[in-house]
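**Q** Structure provided below as structure tokens; questions to follow.
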Amino acid sequence: MSTFDKAKDKAQQVGGEAKQRLGEATDNEDMEAEGKRDKLGGEMKEAGHDLRDKGAAAVHDAKEALKDDK
């Protein structure tokens, strides 16, 4: 995952957490729910990027293994 993608995902998670806590502190259920959604969305994006990177690494390793067999 690129550093930029990772930073965006973390920023979304931190922003969501802040929004959730502000919603809790002010008894604003809509803001709290929106914060939870933002945080979860950032976590899901991060997991997706991690999975993509692991898949790319596995493909690279397989290609290298096939090259070595020749």
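The values are calculated or read from the model by the stated rules, or taken from the named source; none is laboratory data. Nothing here was measured: the structure is a model prediction, and the numbers come from that model. All Cβ positions, even for glycine, are placed from backbone atoms using ideal geometry, and neighbour counts span all protein chains on display.
**Q** Tally the residues that are loosely packed, with under 14 Cβ neighbours inside 10 Å, at pLDDT below 95 and assigned to a loop (DSSP other than H, G, I, E, B), restricting the search to segment 1-34.
**A** Selection size over segment 1-34: 1.
**Q** Quick check, is residue 37 exposed (fewer than 14 other Cβ atoms within 10 Å of the Cβ), touching an Asp or Glu at 6+ places or on another chain (Cβ under 9 Å), modelled with pLDDT of 95 or more and assigned to a helix (DSSP H, G or I)?
**A** On the way: exposed (fewer than 14 other Cβ atoms within 10 Å of the Cβ): yes; touching an Asp or Glu at 6+ places or on another chain (Cβ under 9 Å): no; modelled with pLDDT of 95 or more: yes; assigned to a helix (DSSP H, G or I): yes.
Answer is no for this residue.
**Q** Six or more apart or on different chains, Cβ atoms under 9 Å: show the pairs whose first residue is in segment 44-70 and surrounded by 10 or more Cβ atoms within 10 Å (Cβ to Cβ) and whose second is aliphatic (A, V, I, L, M).
**A** Final answer for the pair search is 46/1; 49/1; 50/1; 52/1; 53/1.
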